Amino acid sequence: MNYADILDHFGTQVAAAQALKINQSNLSDWKGRGSIPPLRQLELEALTAGKLKAGSECDKFRVPGHQAA
């Protein structure tokens, strides 16, 4: 997933930050870096019931036998 995917889903950076219960500046940092931290990707995948998909770089952090809601 990338920053644009998050904005497409939530509509605004503010809404995404509220859903994640984080500071909006964190999302700005992700945009600047060009990547979303793996654990946040997994959190977003779970929060969106799989509508947003975590990248393969997140696989090593997945709990075996657990799938997004």
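Values in this text are rule-based calculations from the coordinates and carry no lab data. Only a predicted model underlies this, so the values are computations on that prediction, with no experimental measurement involved. Cβ coordinates were reconstructed from backbone atoms using ideal geometry, including for glycine residues, and neighbour counts include every protein chain displayed.
Tabulated data
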{"quantity": "Single residue of region 1-25 satisfying the filter (among the charged types (D, E, K, R) and assigned to a helix (DSSP H, G or I)) that is surrounded by the fewest Cβ atoms within 10 Å (Cβ to Cβ)", "calculated": "D8"}
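Every residue, every condition in (1) surrounded by fewer than 13 Cβ atoms within 10 Å (Cβ to Cβ); (2) touching a residue at least 12 places away in the same chain (Cβ under 8 Å), yes or no:
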| site | (1), (2) |
| --- | --- |
| L27 | no, yes |
| W30 | no, yes |
| R33 | yes, no |
| L39 | yes, yes |
| E43 | no, yes |
| A49 | yes, yes |
| A54 | no, yes |
| D59 | yes, no |
